[in-house]
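J.: Below is a structure I'd like to ask you about.
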Amino acid sequence: MKTYLQTSFAFILLMLFALGCSKNDDKPIVPSSNITYSNSPVDLQGISANFAKDIAYDTKARTQFDIWLPQSNSPTGLVIYVHGGGFTSGDKDFVYTVQSGGAWDFPTDIRYLLQNKIAFATIRYTLLNTTGETEGIKKPMADIKRALQYIRSRATEFNIDKNKIILAGNSAGAGASLWIAFNNDFANLQSSDPVLKESTRVKAVVARETQSSYNIEDRWINEVFIDYNLTWSAILASETGNIQKLYGVTSSAQYESPAIDAYRAEVDMLALLTADDPEIWVNNTLRNVVNPYNPYNPDVPSHHAFHARELKERADAVGVKNITYYGRNPTIYADPSNESWTAFCKRKINE
């Protein structure tokens with residue numbers, strides 16, 4: 001069992017999944033016990049389910065979620081989706097439409113889950129500042145953790161089974177989901193905030209185009225991209241600004257400190273992954289398998305197939321079940337089950 005860690009990183013780049021900031025970033029929404037249902041932004045095609053939007057889980061400007069609740073006589077499972085965007089962009093409406101050139105059909109996926117009596121929520125969270133960031137990825141990941149705890153705190157109202165919750169996401173949202181799932185339970189039973197008393201343990205995790213670790217200097221050079229013989233100086237040549245933002249520093253001197261050494265260790269999902277962690281479904285197949293820095297493509301390093309490879313190798317080594325797919329041109333590994341992410345969620349919810 002690993003020690004209690006709380007942090008995150010933000011090196012994930014702001015490309016493919018960057019959807020821009022919300023229109024209401026300057027107007028916090030105060031949490032309320034009321035649930036107001038409205039028309040679903042996704043065509044439910046006759047499925048019996050309710051939809052509610054902009055439910056606040058904290059008082060910050062970007063701490064809200066939308067949720068679809070299937071009509072059910074008994075508590076249902078829940079999938080919580082976390083958007084990507086390099087922790088600098090994106091929003092909860094990412095799942096309203098088909099994405100990635102048709103590869104990700106969220107409307108169909110949401111309907112599938114609802115038909116199988118599985119609720120679906122999509123959250124937004126505080127983004128990193130484009131300049132002068134001082135907290136790094138601890139900031140957005142703390143929000144994501146709280147969103148999980150808040151929804152759990154209202155499980156009875158939402159008719160959700162607390163023991164059947166799955167975290168899912170793409171890119172930054174995937175990495176954050178893995179980080180939460182691989183940590184010890186963040187529940188603080190001594191907190192005066194009832195939300196923070198809730199568990200953060202989940203039934204499973206779905207991670208698409210994910211990062212395997214936010215300890216870039218150690219993991220990316222020595223394991224993830226070992227095939228390419230990368231050096232730290234080669235990465236810094238392209239990524240200095242991004243790396244400083246991810247760790248909340250503004251200079252090389254700040255980065256080269258014991259505090260940041262500890263920070264990097266705390267956001268190392270590969271090190272956090274142990275035998276007691278939930279089953280994972282990982283898919284990094286959108287991009288060709290190429291050298292991430294020669295030539296440099298800002299979208300490739302944080303979504304590379306080899307992140308999924310390292311997650312699978314670590315999961316296999318410690319005995320965590322996994323369904324993994326990675327590589328395009330060539331396809332390197334595809335789980336023989338051919339299980340989709342929605343079928344995975346259905347199976348885990350029903351176990």
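J.: Of these, 334, 275, which one is closer than 18 Å to residue 179 by Cα, modelled with pLDDT of 95 or more and not basic (Lys, Arg)?
T.: None of the other options fit; the residue is 275.
J.: A follow-up question, please. Given the conditions (1) part of a helix (DSSP H, G or I); (2) more than 21 Å from the chain's Cα centre (by Cα), report the number of the one that residue 330 does not fulfil.
T.: Just one mismatch for residue 330, condition (1).
J.: Can you pull out the residues in region 98-143 that are of a type in the set (Gly, Ala, Ser), in contact with a helix residue (DSSP H, G or I) (Cβ under 7 Å, 6 or more places away or on another chain) and within 14 Å of residue 60 (Cβ to Cβ)?
T.: none
J.: Of the residues in region 197-220, how many are out of contact with any helix residue (DSSP H, G or I) (no Cβ under 6 Å at 6 or more places or on another chain), surrounded by fewer than 21 Cβ atoms within 10 Å (Cβ to Cβ) and not in a loop (DSSP other than H, G, I, E, B)?
T.: 2
J.: Exactly one of these conditions fails for residue 246: (1) under 30 Å from residue 118 (Cβ atoms); (2) buried (at least 20 other Cβ atoms within 10 Å of the Cβ). Give me its number.
T.: (1)
J.: Moving on. Report the residue count in region 157-186 for those that are in a loop (DSSP other than H, G, I, E, B), out of contact with any Gly (no Cβ under 8 Å at 6 or more places or on another chain) and surrounded by 15 or more Cβ atoms within 10 Å (Cβ to Cβ).
T.: Final tally of qualifying residues: 4.
Listed here are the residues, each with its yes/no results for (1) part of a strand (DSSP E or B); (2) under 27 Å from residue 76 (Cα atoms).
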| position | (1), (2) |
| --- | --- |
| 264 | no, no |
| 291 | no, no |
| 307 | no, no |
| 315 | no, no |
| 326 | yes, no |
| 336 | no, no |
| 339 | no, yes |
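J.: Let me ask something else about it. Go through region 222-253 residue by residue and tally those that are at pLDDT below 95, part of a helix (DSSP H, G or I) and either touching a helix residue (DSSP H, G or I) at 6+ places or on another chain (Cβ under 6 Å) or over 18 Å from residue 301 (Cβ atoms) (or both).
T.: 3
The values are calculated or read from the model by the stated rules, or taken from the named source; none is laboratory data. Because the structure is predicted, anything quoted here is derived from the model rather than measured. No Cβ is skipped: glycine too gets one built from the backbone with ideal geometry, and neighbour counts run over all protein chains shown.
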